[in-house]
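Trainee: Before we start, here is the structure in question, set down as structure tokens.
Read the figures in this text as sums done on the coordinates, not as results from a lab. Fair warning: this is a prediction, and the values are worked out from it, not measured in the lab. Cβ atoms come from the backbone with ideal geometry, glycine included; neighbour counts cover every protein chain shown.
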Amino acid sequence: MLAALTMTTGCQNKPAETADSTNAATDSVVAESPLDNAVVRAIMDRRSVRKYKPEPVPKEMLDVILHCGINAPNAMNEQRWEVRVTNSKAFIDGVTKVFVESAENDERVKKMVENPDFHNMFRNAPTVIFVAGKADEKSSPIDCGLLGENIMLAAQSMGLGTCCLGSAAGFLNSNPGAANYLKQLAFSDGYELLYAIAIGYPDESPEAKPRDASKIRYIE
Ligand SMILES: Cc1cc2nc3c(=O)[nH]c(=O)nc-3n(C[C@H](O)[C@H](O)[C@H](O)COP(=O)(O)O)c2cc1C
């Protein structure tokens with residue numbers, strides 16, 4: 001079925017296990033298939049982007065993307081999430097400076113900041129979205145995850161790239177030098193930053209990483 005899906009969607013980034021299933025003749029036969037639609041294409045084409053053009057995402061686009069986010073399904077419609085977004089170079093470069101300073105104690109960070117293409121700690125994106133969930137509420141991380149995927153797929157549908165970043169949230173939550181930046185995000189009491197989303201015009205087209213189709217099993 002997945003093979004059929006990738007054939008019908010004509011996705012640019014085919015999952016590795018189906019990478020050889022392109023067939024122009026079959027594509028033309030199934031081009032009108034209901035399996036071929038913009039949502040499926042956005043899902044199958046989305047990849048984590050770690051190289052961006054410098055232009056920030058215009059506010060009109062962000063508005064639509066963020067409203068797609070908060071329209072995600074969520075437990076009891078309690079909307080246990082808070083979202084912050086910034087195009088601010090002062091914010092992004094400021095917290096990145098703290099990140100760079102922390103590199104001497106962390107080999108992984110050191111490797112990242114020594115890369116000549118390194119511009120900022122958010123995979124060099126010009127715009128960053130921060131998502132916080134309500135601490136101690138079981139459904140909140142699920143709600144926030146669904147919100148994030150809506151954001152990333154809406155962005156994909158508009159030609160933007162994204163990358164979900166758990167490490168950036170970990171840094172902001174734990175590094176004392178970053179506390180002032182976390183404070184500027186002004187999450188309500190009881191909310192905890194869960195992840196960030198780098199977002200911008202992509203400057204790379206990463207290949208799909210392989211997916212393990214055996215994780216899916218039909219129960220007869
Ligand atoms: C919860 C979560 C945390 C992630 N954290 C990071 C991160 O800190 N840095 C990064 O470069 N990518 C991060 N990613 C992106 C994953 O590496 C990526 O989604 C995965 O390798 C699959 O690749 P794809 O998104 O291109 O399909 C994260 C993704 C998720 C869902």
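Trainee: What are the GluC sites (Glu not before Pro) within the stretch 74-182 that DSSP puts in a loop, where the Cβ has at most 13 other Cβ atoms within 10 Å?
Mentor: Glu78
Trainee: Can you give the longest run of the chain that contains no chymotrypsin sites (Phe, Trp or Tyr not before Pro) sitting in a DSSP loop with at most 16 other Cβ atoms inside 10 Å?
Mentor: 1-117
Trainee: Taking the square root of 5 times each eigenvalue of the Cα gyration tensor, what semi-axes in Å does the equivalent ellipsoid of the chain have, largest first?
Mentor: Ellipsoid semi-axes (Å, largest first): 33, 21, 17.
Trainee: Follow-up question, since we're still on this one. Could you work out [θ]222 nm for the chain from helices alone, using -39500 (n - 2.57) per DSSP H run of at least four and dividing by all its residues? Round to the nearest 500 deg cm²/dmol.
Mentor: Theoretical 222 nm ellipticity from helices: -12000 deg cm²/dmol.
Trainee: Measure up Lys51/Lys138; Lys97/Lys134; Lys89/Lys209; Lys59/Lys110; Lys51/Lys209 against 22 Å on the Cα-Cα distance and list the ones that go over.
Mentor: Pairs exceeding 22 Å: Lys51/Lys138; Lys97/Lys134; Lys89/Lys209; Lys59/Lys110.
Trainee: Can you give me the pair-distance distribution of the stretch 138-204, C-alpha pairs, 5 Å bins, whole percents?
Mentor: Each 5 Å bin holds this share of Cα pairs: 3, 15, 22, 22, 18, 14, 5, 1.
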